[in-house]
């Protein structure tokens, strides 16, 4: 369990992190969501020890993090960076060796990752000759080549084509399945929604919401419903507690004030004609995000 | 088994984190490999080595021409010249044979008694020389032969200097130039390499793997080793050249000062490398690196110009030999001149090592504080602050 406890950090006058606390559980994918400048990168840099917090602590299994612990982290910084003039494989082997792997094992790890990320054909090319998408894959490989125990990835999916997104997803879920806490940030809320077990939403340096994805969805569940009838749905406007958002013939989108109202609507719908569909609108992460950030 | 336990078990299969020395060495090896693969570096090193080799070859060609001049001795001159090792003497049976030897280029001159000389050259004046011998050249007076036969007067010097001033100038220039070139070249290389890591942002990945001090140490060690290897090759070739070309006297006199130069260079370069790295860490783009490294570049250039202009000024040299930034040039020159007591290089070296340690401390502080600050140039006061 990776735990961030009351972290605060300011750059001069600007408070980048304000009493930030959350946990990343082992074996769980935790999505870190927030607007630009919300504090995601600062928090991740502090976790990695690349930056020091003004206040607060980061602990792993209840112990303060040492340089040795951090050696077992896999980190992908927001600002991508590898040596442009170094060959891909050579570069990965170098990073694995900096983390203490013997040359042969480092090479084996690197080759295995390159294959999983469909990059093995470019292994002896200089990084700068790769396309941006492939450089991104190499960057992910660099974060994973030392078989990290904890993963902290800043925007791992940005700039990837759909196929690459899939292979990176697979690599990350495998890492989580092996028991590693995985924390990653993303602007692509659909990916976060699909992939994450837990969510942390940060806004203006403060945690706006945090918890399991399903619980968050439940607590922000929608009171908006969609009804499709074979007959006209104009009667809906007269039902007390119903606010029609939009309607067109037999179709209507409406909000209800209570669960009882919903049941009343359904009963009347059945009386008025044939019900084709009656569904609650799915709360998307984007909606939750807008709601908590507001 | 809980997930936390699983991850612990998985962790056991992972290797232990490498120590400071092992990590720094990895960084150093990468620095060296990158340099050795760089075409620009290989070409510039090859040019320097070729220049050193050329100096050796030219030196040996010049000294090969310096073999003793040959003379054909006729008549009584044969006895007079017997036992001379400054001349290669060929005994000729008569004046005709001697003349033939001279015309064939076998010898540089004929030495003959005045009387016999007149048989070859009718214009030669008998009795004009007190030793009764005439030296006949082919198309001009044979100066080197005349000099070998001349009797020098007694020579004394009121205020003797240990070394020839011309030689001192060249030795001083040599030390100054080699230090200046190597320190500047490798200083710029280390500065570029620091700012490259910052510009490409690879530094954040590196710092998540190893501490900032390890990274700095590795870079300084790698580049210092390269610079040091270059210095050893150049000075080695120069000394070899002196030895091969038979200038053993100079070799013997230069040897100790060259050894001191190498020792001083090692520490002096580490000091400069730490400062170059720190200065480069303060900017984010390769184009800006000059703005912060200029003061360090000055520290390299000043001793060079001082030694060029003041190599005959005892006081300036004495000060230079103790100021850590100029000691790598100043002290070896004084050792060569013989004006330094045996303990002086040691004291100066201790001063240099202390300053180097200080430069590493200050340098790593600036480096660590500035390395992750992207964008505008980091102010020195901010970089030095905690």
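Summary table
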| item | result |
| --- | --- |
| Spans of helices (runs of 4 or more DSSP H) in segment A:18-131 with at least 3 residues at the interface with chain B (Cβ under 10 Å from one of its Cβ atoms), farther than 24 Å from residue A:196 by Cα and modelled with pLDDT under 90 | A:67-70 |
| Residues that are within 10 Å of another protein chain (Cβ to nearest Cβ) and not in a strand (DSSP E or B), drawn from segment A:132-151 | A:139, A:142, A:143, A:146, A:147, A:148, A:149 |
| Some residue of segment A:130-141 being surrounded by fewer than 23 Cβ atoms within 10 Å (Cβ to Cβ) and closer than 22 Å to residue B:25 by Cα | no |
| Lone unmet requirement of (1) surrounded by fewer than 22 Cβ atoms within 10 Å (Cβ to Cβ); (2) within 12 Å of another protein chain (Cβ to nearest Cβ) for residue A:154 | (1) |
| Residue within segment B:135-143 that is in contact with a helix residue (DSSP H, G or I) (Cβ under 8 Å, 6 or more places away or on another chain) and surrounded by 22 or more Cβ atoms within 10 Å (Cβ to Cβ) present | yes |
| Residue that is assigned by TED's automatic domain parsing to the domain that holds residue B:267, within 18 Å of residue B:263 (Cα to Cα), under 23 Å from the mean Cα position of the chain (by Cα) and in a loop (DSSP other than H, G, I, E, B), where the choices are B:324, B:328 | B:324 |
| Filtered residues of segment A:188-217 (kept if out of contact with any strand residue (DSSP E or B) (no Cβ under 9 Å at 6 or more places or on another chain) and more than 15 Å from residue A:31 (Cβ to Cβ)) | none |
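The values are calculated or read from the model by the stated rules, or taken from the named source; none is laboratory data. Since this is a predicted model, take the numbers as computed values, not measurements. Note: ideal-geometry Cβ built from the backbone for every residue, glycine included; neighbour counts use all protein chains shown.
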